[in-house]
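Report on the following structure.
Values in this text are rule-based calculations from the coordinates and carry no lab data. Everything numeric in this text was worked out from a predicted model, so none of it was measured. Here the Cβ positions follow ideal geometry from the backbone for every residue, glycine too, while neighbour counts run over all protein chains shown.
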Amino acid sequence: MPVRSAHPIPARTTSTSASCSISSSSSSSLEKNETLSVISHPSSCASNLVCRRSTQSQPDHSIASSAKSGINTETASGEAAAAAAATTIRTDSSTDELVSTDPRPLQSRMPNIKVFSGSSHPDLASRIVDRLGIDLGKVVTKKFSNLETCVEIGESVRGEDVYIVQSGSGEINDNLMELLIMINACKIASASRVTAVIPCFPYARQDKKDKTGDDKLAALMKTNEWKFRSRAPISAKLVANMLSVAGADHIITMDLHASQIQGFFDIPVDNLYAEPAVLKWIRENIAEWRNSIIVSPDAGGAKRVTSIADRLNVEFALIHKERKKAN
């Protein structure tokens with residue numbers, strides 16, 4: 001779900017520090033006149049504590065971890081650190097969005113991030129980096145004379161967390177091959193992690209061994225000339241294997257044709273849902289949305305439509321669809 005800042009982002013970051021002694025087995029390695037200076041940084045998800053040694057004599061305050069707030073203190077300075085380290089993500093119930101209250105610039109929260117764009121949707125990648133406040137990575141994509149895809153990464157990605165934005169829509173085969181080559185190019189250039197951002201996952205419609213709906217094969221099934229058995233491939237699994245072999249460490253996609261496709265991967269897959277964005281668009285762009293009806297074009301979309309209708313508290317309708325053959 002999209003994350004927006006609840007207030008203007010300041011140009012620099014402030015941090016709250018508190019000096020205290022840690023009562024644990026690991027504290028035995030400290031000298032008596034040493035304490036741990038705990039610097040609490042606000043984080044978008046959880047508290048990040050950075051500890052350093054200090055040889056100055058400081059008052060002894062006990063500090064214990066808490067599952068909810070991250071730290072629990074008995075002193076005013078400790079309470080300030082706990083407040084600064086509190087979770088900075090909340091949910092806006094009116095828009096179903098995650099709202100960030102972290103005052104730090106996004107750049108400081110996401111070090112070592114590189115975002116590259118394939119040729120499918122460069123505008124989407126540009127809008128992503130604009131939102132993040134970083135520059136789009138330099139990459140050159142072209143074709144050889146025999147129409148093979150050529151990709152060159154134009155900057156160092158050594159030790160970087162790389163995100164490649166490439167959709168499977170449009171020229172599906174070319175886009176998929178370009179994505180695979182970009183992943184591999186970053187991986188062999190020593191990128192620490194490569195995430196493929198694929199809003200439309202290619203070849204997701206053939207996710208199981210279905211009986212064919214083709215008229216010619218259906219006619220052959222009725223004759224004795226050809227004994228029919230399902231020899232259909234599971235193309236979604238094949239694409240999952242290709243992405244893994246290319247070097248992808250993580251996949252981000254949206255509204256998979258079938259949720260079980262996530263199980264085709266041996267790497268983490270985040271299947272995001274467009275429903276919050278759809279709800280926001282309806283509320284902001286349709287004046288009389290409270291008098292609207294949400295319609296599903298077929299039975300497959302019924303679950304999604306009923307969820308949206310429930311969120312908007314409106315009626316929904318379902319269209320019964322029949323087709324002679326699969327398309």
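Before moving on, here are some points about what is shown:
- Of the cross-linked pairs 208/303; 114/303; 142/187; 208/321; 209/324; 187/237, those separated by over 25 Å at the C-alpha level are 114/303.
- Residue (of 277, 318, 308) at the positive-pole extreme of the stretch 274-326, dipole from beta-carbon charges: 318
- Taking the average, over residues, of other Cβ atoms within 10 Å as the packing measure, peptides 156-169, 290-303, 190-203, 233-246 rank 190-203, 156-169, 233-246, 290-303 from highest down.
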